[in-house]
Amino acid sequence: MIKVTSRIVINELERRDVPVEVISESPYTLLRYFHKGSWHLLRSTLPETSSAVGRGVCDQKYVSFKLATANGIPVPETKVYTSYEEARAFMQKHGSIVVKPSDAAHGHGVTVGVATEGALRRAVNFAMASSSNGVVLLQQKVDGSDLRMLVIGGRFVAATRRIPASVTGDGKKTLRELIRYENETNPERGENDEKRLSLISLDASERFLGSRLDSEIPAANEKVTVVGTANIGAGGLAMDYTDNVPAEIIAAAETFAQTVKIIACGVDFIWSEETGKFYFIEGNACPGFCLHIEPAVGTSRPVDRHFVDVLLGVTEPTWATAEKAS
């Protein structure tokens, strides 16, 4: 199966009469396209021209935080987990923290709002199990809108606000029953990025809600958040925010993407719209396009055209232009 973002890119290349072939499909989709006399490799939105070092930086969250800090981009206080005692002291200092693996993606292994000793032990174990290198991060929890900034060729092209999955009560069903009902009856939800919305993850809901999942019956029309992270793959909702993001966040996103030299770079922030404060959360070297082209709420953004413009040399990455000028 070819995932939706790869299909979007294939369609745009074919629209421009560029030969494109599928070398392998999911779980490792590899494409190649023919341009200027030779074949070029492409994995979803990660072309061969993106920096290998930059991809490594994005794959390691702690390194990303260090690089963001070096470039003057604010990050939440973060430390590597070394012992339960130090983790407990860090949690007590901040009241509520986020525990995550340093090297996982798509929200895997992340627990948000850890505030008790029992929750801390479970969150560390969950993050450890989701990490390939065993490195777990403890991070100050910051509140605000969860933003995915998409930067292509070093230029900001779109922003999405990601909203955690929720259900609406009917006064009869438990939260688990409401989630199952939503997944079974909403035609816009599907698996493996085949639909505009993903199925709400029951595993993620169990970690977030605990016993509430089977004991709580929301009142009619009561909306309840059922997943702790705003991850789209866990059932979250994408809202176009391209015209709402302040210049300071746009500049920070472009700075990070230009520094790592990733052609299509997803840069995530938490932004308090009340105070104006924002914090860098992570970079993504192979971001999905569907949440920008088909957001659940708001305007569609033609990010695939910007991406293929760079692939075909219609638009140069900002760093290439700067190197020529110097």
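The values are calculated or read from the model by the stated rules, or taken from the named source; none is laboratory data. Keep in mind that what you see is a predicted model, and the values were worked out from it rather than measured. Neighbour counts run over all protein chains shown; Cβ positions are idealised from the backbone, glycine included.
Within region 197-211, the presence of a residue that is surrounded by fewer than 17 Cβ atoms within 10 Å (Cβ to Cβ) and touching a strand residue (DSSP E or B) at 6+ places or on another chain (Cβ under 9 Å) is excluded. Among residues of region 275-286 that are in the same structural domain as Ala159 (by TED's automatic domain parsing), those with a beta-carbon under 8 Å from a residue that is part of a loop (DSSP other than H, G, I, E, B) and hydroxyl-bearing (Ser, Thr, Tyr) at least six positions away or on a different chain give the pairs Phe278/Ser272; Ala285/Ser50; Cys286/Ser44; Cys286/Thr45. Within region 112-133, the only residue that satisfies the criterion of being outside any helix (DSSP H, G or I), polar (S, T, N, Q) and at pLDDT 90 or above is Thr116.
Residues satisfying the criterion are absent from region 62-74 (criterion: outside the structural domain of Thr259 (by TED's automatic domain parsing) and either closer than 21 Å to His106 by Cα or aromatic (Phe, Trp, Tyr) (or both)).
Which of the helices (runs of 4 or more DSSP H) contained wholly in region 14-107 include at least 2 residues that are over 20 Å from Gly266 (Cβ atoms)?
Of the helices (runs of 4 or more DSSP H) lying wholly inside region 14-107, those with at least 2 residues that are over 20 Å from Gly266 (Cβ atoms) span 84-94.
When Arg176 is tested against (1) of a type in the set (D, E, K, R); (2) crowded, with 19+ Cβ neighbours inside 10 Å; (3) under 25 Å from Ala285 (Cβ atoms), only condition (3) is not met. Of everything listed in (1) part of a helix (DSSP H, G or I); (2) buried (at least 23 other Cβ atoms within 10 Å of the Cβ); (3) touching an Asp or Glu at 6+ places or on another chain (Cβ under 8 Å), the single unmet condition for Ala159 is (1). The set of residues in region 114-140 being exposed (fewer than 14 other Cβ atoms within 10 Å of the Cβ), touching a helix residue (DSSP H, G or I) at 6+ places or on another chain (Cβ under 8 Å) and within 19 Å of Asn231 (Cβ to Cβ) is empty. Restricting Ile200, Ile232, Ile263 to those that are out of contact with any His (no Cβ under 9 Å at 6 or more places or on another chain) and in contact (Cβ under 8 Å) with a residue 40 or more places away in the chain reduces the list to Ile263. Of the residues making up region 241-255, those that are part of a helix (DSSP H, G or I) and either hydrophobic (A, V, I, L, M, F, W, C) or more than 17 Å from Glu282 (Cβ to Cβ) (or both) are Ala247, Glu248, Ile249, Ile250, Ala251, Ala252, Ala253. Restricted to region 293-309, and to residues there that are in contact with a strand residue (DSSP E or B) (Cβ under 6 Å, 6 or more places away or on another chain) and closer than 21 Å to Lys261 by Cβ, the residue that is surrounded by the fewest Cβ atoms within 10 Å (Cβ to Cβ) is His306.
Tell me yes or no: at least one residue of region 264-280 is more than 12 Å from the chain's Cα centre (by Cα), among the β-branched types (Val, Ile, Thr) and either in a strand (DSSP E or B) or more than 20 Å from Pro76 (Cα to Cα) (or both). No.
Per the conditions (1) of a type outside the set (Ser, Thr, Tyr); (2) under 28 Å from Ala52 (Cα atoms); (3) in contact (Cβ under 8 Å) with a residue 12 or more places away in the chain, the sole criterion not satisfied by Ala251 is (3).
Residue count for region 47-58 satisfying the condition of being crowded, with 20+ Cβ neighbours inside 10 Å and within 18 Å of Phe289 (Cβ to Cβ): 3.
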